[in-house]
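Accompanying notes for the structure given below.
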Amino acid sequence: MNDELVAPVTPLTPVTVIGLGLMGRALAGTFLKAGHPTTVWNRTASKADQLVAEGARLAPTVGDALKAGSLAIVCVTDYQAVHELLGASDVELDGTMLINLTSGDSAQARETARWAEQRGARYLDGAIMGIPSTIGTADAILLHSGPPADFEEHRATLDVLGTVTYLGADHGLASLYDVAGLAMMWSVLNAWLQGTALLRTAGVDASTFAPFAQEMAAGVADWLPGYALQIDRGSFPAEVAALETDARAMAHLIEESEAVGVNAELPRLFKAMADRAIAAGHGGEQYPVLIEEFGKPAADG
Ligand code: NAP
């Protein structure tokens, strides 16, 4: 054999995964499959059995797990659990690279970043939009925020987990994008359920309405970039329709819902917001002017 023809193999980055619930096991399993030396730790050690059988190393303590990898991913129930785990007196954070993929809010992310950095750790926050079975595929969206150099250093390693996105230096951004995505998801689903409830009163089943609803949702989605420009400029000329025209159509939706006996709470809610904007003098402007209603606390607190 000619040794000169054998390309040198660059060893893959050793990683640590702390927290082996449904999501943590998917993360660790994906690193293992990709060939990364993988150390794991979980409060309930038995949840590591399958991963150990597949080649993971089970660390005896959190501190030992943190020392094993070039980066340590933490994925547990909530930030309280993160603090309980990493704040224990025998855990040394100095010199570690932490990537916290636990779900939480932006204030928790920023506070945890400060807390970890004061103890000498480097810290990226993150959020996962996807279910465990999607981890390792493009369908898993992993959002990250924190120091750009730390993200760039570990990007190639994180890439094996799915579609990995960097959002900016503010540690709170991953959580904010996460909940903004949830706002999109539930708003579209609730609107579709409202329409489905209306049509079912006339014997139209959900499957018949679904393709029409899909086209509506895609059509509305096409408006977003143009409407976003209006919001960013703070100028809302009624190029398509004035808000007061939309408000009249909202009244039809409420009346129709009440007449056929379906729930009218959702349309009443967005009509109330439109009415407040109209009362404030915005009736002749275009729909995105409602950002001013969305950008402040509700009238009732
Ligand atoms: P899970 O199956 O309920 O697992 C929870 C994990 O947290 C377990 O490893 C548990 O340890 C650990 N834990 C909880 N409290 C702890 C404490 N005080 N000290 C040490 N460990 C503690 O939850 P999961 O589905 O893996 O979710 C983990 C995170 O991913 C959550 O923030 C979740 O919102 C997020 N996420 C999950 C999904 C999903 O579809 N599953 C999707 C997106 C994001 P034990 O095993 O010892 O109980």
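The values are calculated or read from the model by the stated rules, or taken from the named source; none is laboratory data. Treat the numbers as computed from the prediction; the structure is a model and nothing was measured. Cβ sites come from the backbone with ideal geometry, for glycine too, and all protein chains shown count toward neighbours. Just so you know, the surface numbers come from the protein's heavy atoms only, side chains and all, with ligands and any DNA or RNA stripped out. Shrake-Rupley method; radii C 1.70, N 1.55, O 1.52, S 1.80 Å.
When you check LEU167 against the structure, is it hydrophobic (A, V, I, L, M, F, W, C), free of Cβ contacts under 8 Å to residues at least 60 places away in the same chain, in contact with a helix residue (DSSP H, G or I) (Cβ under 7 Å, 6 or more places away or on another chain) and open to solvent by 10 Å² or more (accessible area, probe 1.4 Å), yes or no?
Numbers: hydrophobic (A, V, I, L, M, F, W, C): yes; free of Cβ contacts under 8 Å to residues at least 60 places away in the same chain: yes; in contact with a helix residue (DSSP H, G or I) (Cβ under 7 Å, 6 or more places away or on another chain): yes; open to solvent by 10 Å² or more (accessible area, probe 1.4 Å): yes.
Yes; evaluated as a whole, the condition is true for this residue.
If you check LEU86, LEU58, LEU71, which single one turns out to be assigned by TED's automatic domain parsing to the domain that holds GLU152 and within 12 Å of the ligand (Cβ to nearest atom)?
Going through LEU86, LEU58, LEU71 in turn, just one is assigned by TED's automatic domain parsing to the domain that holds GLU152 and within 12 Å of the ligand (Cβ to nearest atom): LEU86.
Of all residues in the range 193-247, which are within 26 Å of ASP275 (Cβ to Cβ) and touching a Lys or Arg at 6+ places or on another chain (Cβ under 9 Å)?
Listed by number, the list holds a single entry, ALA247.
Which of the numbered conditions does LYS271 fail, given that it passes all the others? Conditions: (1) among the basic types (Lys, Arg); (2) open to solvent by 50 Å² or more (accessible area, probe 1.4 Å); (3) touching a residue at least 24 places away in the same chain (Cβ under 8 Å).
(2)
Mind checking which pairs have a first residue in the range 137-158 that is within 23 Å of GLN108 (Cβ to Cβ) and a second that is in a strand (DSSP E or B) and β-branched (Val, Ile, Thr), Cβ under 6 Å, 6 or more apart or different chains?
Close Cβ pairs (under 6 Å, with a partner that is in a strand (DSSP E or B) and β-branched (Val, Ile, Thr)) amount to ILE141/THR163; LEU142/ILE128; LEU142/VAL164; LEU143/THR165; LEU158/VAL164.
How many residues does the range 22-42 contain that are in contact (Cβ under 8 Å) with a residue 40 or more places away in the chain, surrounded by 20 or more Cβ atoms within 10 Å (Cβ to Cβ) and within 10 Å of the ligand (Cβ to nearest atom)?
5
I'm trying to understand the selection: among the residues of the range 147-166, which are under 14 Å from ILE99 (Cα atoms) and part of a loop (DSSP other than H, G, I, E, B)?
Scanning the range 147-166 gives a single hit, PRO147.
If you check GLY35 against the conditions, is it within 18 Å of ARG155 (Cβ to Cβ) and in a loop (DSSP other than H, G, I, E, B)? Give the steps one after another, and end with the answer.
Numbers: within 18 Å of ARG155 (Cβ to Cβ): yes; in a loop (DSSP other than H, G, I, E, B): yes.
The answer is yes for GLY35.
Which one of THR163, THR96 is of a type in the set (Ser, Thr, Tyr) and within 20 Å of THR16 (Cβ to Cβ)? Spell out the reasoning first.
On the way: THR163 fails: within 20 Å of THR16 (Cβ to Cβ).
Of THR163, THR96, the one residue that is of a type in the set (Ser, Thr, Tyr) and within 20 Å of THR16 (Cβ to Cβ) is THR96.
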